[in-house]
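Quick one: the structure is below, and I'll ask about it shortly.
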Amino acid sequence: MMKFSVFIPFFLLVMMSSCESSRAIDFKKSLSQSERRLFQIVLGKDSWGEKKMQYVIDNNYQDALAAVDQQSKEFDNLINDLKKLPTNDIPESEPLKTATIEYYEALKALHTFDRKEIVQRELLAALKNNERKKASDELIALAKQKKQLYNTVYQKEAILQTASEKFDAYNGFD
């Protein structure tokens with residue numbers, strides 16, 4: 001009888017930890033799915049990002065602007081889905097979720113910044129020589145602003161990587 005009474009708490013402890021581990025695995029899978037969606041939004045074949053680039057190359061600025069809007073909506077959907085993702089008291093899941101959302105928001109800001117560049121390119125194409133210089137200078141200023149957005153993305157990615165490593169270590173994924 002003594003062995004049986006020791007076995008029950010041990011069994012309960014194992015069951016509880018396996019449930020916790022299962023929740024952490026499910027959470028990690030959800031984040032992996034969001035990464036695949038992110039890739040599709042930014043770099044996927046026939047994505048709005050790819051279409052946007054092709055429209056700019058073709059000097060089709062109105063369709064390029066529409067592609068920016070569609071890509072922005074896809075980012076919004078992805079970010080909203082992440083915000084709804086439950087953390088269920090999984091250790092280190094909340095910081096990881098927050099870092100992921102902030103990283104995706106930074107990427108959205110970077111990719112929707114293209115709107116300003118596209119508008120400036122459209123304006124540049126319609127201007128005469130003396131007006132082109134000013135518009136060209138504005139395009140250079142926009143490039144500098146975009147560099148700042150890249151820096152923000154790099155910072156958010158570093159925070160995301162740290163949060164991901166902590167989550168993995170705490171939940172036994174390393």
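Within the range 47-97, take every residue that is closer than 18 Å to residue 122 by Cβ and outside any helix (DSSP H, G or I) and give me the one that is least open to solvent (accessible area, probe 1.4 Å).
60
Given the residues 167, 173, which is the only one that is in contact (Cβ under 8 Å) with a residue 40 or more places away in the chain, buried (at least 16 other Cβ atoms within 10 Å of the Cβ), aromatic (Phe, Trp, Tyr) and within 30 Å of residue 24 (Cα to Cα)?
Going through 167, 173 in turn, just one is in contact (Cβ under 8 Å) with a residue 40 or more places away in the chain, buried (at least 16 other Cβ atoms within 10 Å of the Cβ), aromatic (Phe, Trp, Tyr) and within 30 Å of residue 24 (Cα to Cα): 167.
For the range 152-164, which positions are open to solvent by less than 50 Å² (accessible area, probe 1.4 Å) and either within 18 Å of residue 67 (Cβ to Cβ) or not aliphatic (A, V, I, L, M) (or both)?
164
Shifting gears a bit: Quick test of your reading of the structure: residue 166 fulfils all but one of (1) out of contact with any Pro (no Cβ under 8 Å at 6 or more places or on another chain); (2) in a helix (DSSP H, G or I). Name the failing condition by number.
The single condition residue 166 does not satisfy is (1).
Still on this structure: Can you find, within the range 106-117, the residue that is most open to solvent (accessible area, probe 1.4 Å) among those that are assigned to a helix (DSSP H, G or I) and under 17 Å from residue 55 (Cα atoms)?
116
Further question: Would you check if there is a residue in the range 72-91 being under 27 Å from residue 142 (Cβ atoms) and in contact (Cβ under 8 Å) with a residue 60 or more places away in the chain?
no
Search the range 25-46 for residues being surrounded by 15 or more Cβ atoms within 10 Å (Cβ to Cβ) and among the basic types (Lys, Arg), and hand back the single one that is nearest to residue 171 (Cα to Cα).
Taking the candidates together, the pick is 28.
Still on this structure, I have one more. Scan the range 99-157 residue by residue and report those that are over 21 Å from residue 44 (Cβ atoms), touching a Leu at 6+ places or on another chain (Cβ under 8 Å) and of a type in the set (Ser, Thr, Tyr).
136, 152
Report, by residue number, each residue of the range 118-137 that is in contact (Cβ under 8 Å) with a residue 40 or more places away in the chain and buried (at least 16 other Cβ atoms within 10 Å of the Cβ).
Correct list: 118, 119, 121, 122.
With the structure loaded, tell me whether residue 128 is of a type in the set (Lys, Arg) and within 27 Å of residue 32 (Cα to Cα) or whether it fails that test.
Criteria not met by residue 128.
The values are calculated or read from the model by the stated rules, or taken from the named source; none is laboratory data. Please read these numbers as outputs of a predicted model, since none were measured by experiment. Neighbour counts run over all protein chains shown; Cβ positions are idealised from the backbone, glycine included. All accessible areas refer to the heavy atoms of the entire protein, side chains included, with ligands and DNA or RNA removed. Shrake-Rupley method; radii C 1.70, N 1.55, O 1.52, S 1.80 Å.
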